[in-house]
1. List the helices (runs of 4 or more DSSP H) inside the stretch 1-62, counting only whole elements, that have at least 1 residues being closer than 24 Å to residue 96 by Cβ and at pLDDT 95 or above.
2. Which pairs do you get when a residue that is surrounded by 15 or more Cβ atoms within 10 Å (Cβ to Cβ) and at pLDDT below 95, found in the stretch 226-249, comes within reach of a residue that is among the small types (Gly, Ala, Ser) and in a helix (DSSP H, G or I), reach meaning Cβ atoms under 6 angstrom, with the pair 6+ apart or on two chains?
3. Could you list, in sequence order, the residues of the stretch 95-149 that are within 30 Å of residue 236 (Cα to Cα) and among the β-branched types (Val, Ile, Thr)?
4. Scan (1) out of contact with any Leu (no Cβ under 7 Å at 6 or more places or on another chain); (2) more than 22 Å from residue 146 (Cβ to Cβ) for the single condition residue 23 breaks and write down its number.
5. Could you grab me the full set of residues in the stretch 253-274 that are of a type in the set (A, V, I, L, M) and either touching a helix residue (DSSP H, G or I) at 6+ places or on another chain (Cβ under 7 Å) or under 14 Å from residue 42 (Cβ atoms) (or both)?
6. Looking only at residues that are surrounded by fewer than 14 Cβ atoms within 10 Å (Cβ to Cβ) and not hydrophobic (A, V, I, L, M, F, W, C) in the stretch 81-93, which one is nearest to residue 124 (Cα to Cα)?
7. So the check is Cβ under 6 Å with 6+ separation or different chains; which pairs have a first residue in the stretch 260-286 that's in contact (Cβ under 8 Å) with a residue 40 or more places away in the chain and a second one that's among the hydroxyl-bearing types (Ser, Thr, Tyr) and in a helix (DSSP H, G or I)?
8. In the set 234, 194, 188, which member is closer than 20 Å to residue 155 by Cβ, out of contact with any strand residue (DSSP E or B) (no Cβ under 6 Å at 6 or more places or on another chain) and among the hydrophobic types (A, V, I, L, M, F, W, C)?
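The values are calculated or read from the model by the stated rules, or taken from the named source; none is laboratory data. What you are looking at is a predicted structure, and each value in this text was computed from that prediction instead of being measured. When we count neighbours, we look across all protein chains shown, and the Cβ atoms used for this are built from the backbone with ideal geometry, even at glycine.
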Amino acid sequence: MSRLDVADYLEGRADGWNLPIDHWSPSSLDMLHRCPYQWQQRYLKGRKERPGESTTTGTAVHKSIEGNFRQKIASKTDLPLLEVLDRYSEQIFPQTVLDEQEKNGEEVLWDTSPDAARARGRLMLGEYHHAIAPRVQPEGVELNVSVDLGLAVPVWGRADVDRASSVIDVKTGKQATKKPKEGWRIQAAIYGKARNKPVEFHSVSATVKTNRVTVVTPLEEEALLVNPTQFEQAELERTIRSLSAWACFLMDMYGPDEPWPTTGRFHTWACDYCGFRAGCPAWRTS
């Protein structure tokens, strides 16, 4: 392929598209922004990262929240707390562990232990179900959304909860988050445009040492409600288009096999949680 100027990609020329993917997602765009090398390993080479404790526990909590909200669309009533917690502990958590291991081909890397992680997730789920679920009336859950941003491929997303006034995305972790992280704004741009609604983030966390649970929503921290102005939305979309153009430019410059830039090395935490650190040029010692 002949070398092209970066302007070719930014102007959206058809011959500038050279990536073997059929869509972008908020998570893939966020990974590209964080570290092109990590994105290359995951999306060009198809490498899988070993599933971690936080991701596995968070997925199980999400599935439990989804199960309650899915039936609530018609029933208008939350399931009993004990029923939700027992199903999480006895069915959803163990099945999620098996699913993650099968999908990635490796066992979960536990920071603590499976029992400790299950207990921590149970506490997060219990607090969210008790304090937050009663004030949410869902119209849809795990909603597939797609938007056309003028790229060669669409941008797809999967919204946790859709309701009349907003789209809700639930975030789980080991510490509370009181304002949107960088990648969350990409999600907000996609979900908000697709549903024409503001996006609110719910942070549900439990510390490892004490299992102290904290739930933060826009009612506690206004910053967690993301409702871009017309001009902010336009800039978010321009940034997403630029990220796509950057990936095409890097593909043209390095191809699929030569290592892409390792900007994760300059990120505050990216390398600590990257499953491709072994073999990364940024960490070579000889």
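1. Fully inside the stretch 1-62 and qualifying: 26-34, 36-39.
2. Here the result reads 236/189, each pair linking the stretch 226-249 to a residue that is among the small types (Gly, Ala, Ser) and in a helix (DSSP H, G or I).
3. Within the stretch 95-149, 132, 136, 141, 145, 147 meet the criteria.
4. (2)
5. Within the stretch 253-274, the first condition is being of a type in the set (A, V, I, L, M), and the residues that meet it are 253, 270.
Of everything in the stretch 253-274, just one residue is of a type in the set (A, V, I, L, M) and either touching a helix residue (DSSP H, G or I) at 6+ places or on another chain (Cβ under 7 Å) or under 14 Å from residue 42 (Cβ atoms) (or both), namely 270.
6. Filtering the stretch 81-93 for residues surrounded by fewer than 14 Cβ atoms within 10 Å (Cβ to Cβ) gives 82-83, 86, 90.
After this cut, where a residue has to be not hydrophobic (A, V, I, L, M, F, W, C) as well, the list is 83, 86, 90.
Values: 83: 15, 86: 14, 90: 16 Å.
Here the answer is 86.
7. 260/37; 260/254; 262/37
8. Numbers: 194 fails: out of contact with any strand residue (DSSP E or B) (no Cβ under 6 Å at 6 or more places or on another chain); 188 fails: out of contact with any strand residue (DSSP E or B) (no Cβ under 6 Å at 6 or more places or on another chain).
Going through 234, 194, 188 in turn, the sole match is 234.
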